[in-house]
Amino acid sequence: MVALYEAVLDELELREGDRLLDIGGGAGLFLRLARQRGATAVGDDGTAPLPFPGESFDAVTGLDALQSVPDPAAELREAGRVLRSGASIVLATWGRPDQCEATAYLRAAGALVAPLDGPDPFALAAPGALAAFAARAGLTASARRDVPCVWTFPDEPALLRGLTSTRLALAAADAAGEDAVRHAIRDAVAPFRTSDGGYRLENVFTYIIAHA
């Protein structure tokens with residue numbers, strides 16, 4: 001995911017002291033990278049209304065998270081409210097399923113969550129879907145950008161640590177148990193095991209820049 005995060009930060013051109021809000025940022029790697037560039041970066045779990053005054057941020061990001069919150073349109077409107085005039089909102093999601101070798105993993109974990117009606121990770125992957133998603137909250141968007149992201153793991157324990165810690169895998173574990181999730185992951189990514197016992201999955205993520 002570092003390639004996506006770096007591409008987004010390059011695009012935003014944050015300066016020392018700029019304020020960034022990341023909605024639903026998971027483990028917080030993106031926030032750490034933003035802080036390394038001098039930004040004052042904070043995260044929110046993605047529940048509207050946002051607990052910040054209007055026009056208090058120089059950028060807002062939702063990196064594969066906003067479509068999973070209870071009311072995405074309300075969350076986007078809130079993102080526009082807390083953003084200073086003329087600043088950017090970045091929305092990112094998975095590329096098309098045929099562009100992502102992690103598709104098998106996502107489908108396998110998602111099948112375990114099906115009774116909970118979990119969100120489709122590829123719901124916004126189709127051309128135009130992200131822009132339409134932004135338009136629901138009155139935002140205008142730039143053309144989408146695609147970013148190759150390669151996942152590499154040196155061995156199976158590292159693979160399982162990484163892929164059982166995602167939001168989707170944690171939801172699957174709640175629904176079906178941790179052993180079922182590990183078994184599903186092993187089967188799904190078996191074709192991507194390398195000759196040295198590691199794993200390599202080539203994926204594409206896509207993002208847009210939107211403005212209120």
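We did not get these values from a lab; they are worked out from the coordinates using the rules stated. Model, not experiment: these values are computed from the prediction. We place every Cβ from the backbone using ideal geometry, glycine too, and count neighbours over all the protein chains shown.
So which of L76, L9 is closer than 14 Å to I209 by Cα, of a type outside the set (S, T, N, Q) and out of contact with any strand residue (DSSP E or B) (no Cβ under 8 Å at 6 or more places or on another chain)? Step through it out loud before you land on a result.
Values: L76 fails: out of contact with any strand residue (DSSP E or B) (no Cβ under 8 Å at 6 or more places or on another chain).
Going through L76, L9 in turn, just one is closer than 14 Å to I209 by Cα, of a type outside the set (S, T, N, Q) and out of contact with any strand residue (DSSP E or B) (no Cβ under 8 Å at 6 or more places or on another chain): L9.
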Pairs, please: C-beta under 9 Å, at least 6 apart or cross-chain, first residue of a type in the set (D, E, K, R) and in region 85-96, second part of a strand (DSSP E or B)?
R96/V204; R96/T206
If you go through region 42-63 one residue at a time, do you hit one that is loosely packed, with under 15 Cβ neighbours inside 10 Å, of a type in the set (S, T, Y) and either more than 22 Å from A141 (Cβ to Cβ) or out of contact with any His (no Cβ under 6 Å at 6 or more places or on another chain) (or both)?
yes
Specify which of the listed residues (F153, F192, F205, F133) is without any contact (Cβ under 8 Å) to a residue 60 or more places away in the chain, crowded, with 18+ Cβ neighbours inside 10 Å and among the aromatic types (F, W, Y).
F153
Taking E78 as the residue in question, decide whether it is of a type in the set (D, E) and either under 12 Å from the mean Cα position of the chain (by Cα) or in a loop (DSSP other than H, G, I, E, B) (or both).
no
When you scan region 49-64, do you find a residue that is closer than 18 Å to A92 by Cβ, in a helix (DSSP H, G or I) and under 16 Å from the mean Cα position of the chain (by Cα), even just one?
no
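For region 17-45, name all the residues that are touching a Gly at 6+ places or on another chain (Cβ under 6 Å) and either under 19 Å from S85 (Cα atoms) or among the aliphatic types (A, V, I, L, M) (or both).
If the condition is that a residue be touching a Gly at 6+ places or on another chain (Cβ under 6 Å) and either under 19 Å from S85 (Cα atoms) or among the aliphatic types (A, V, I, L, M) (or both), then D22, I23, L31 are the ones that fit.
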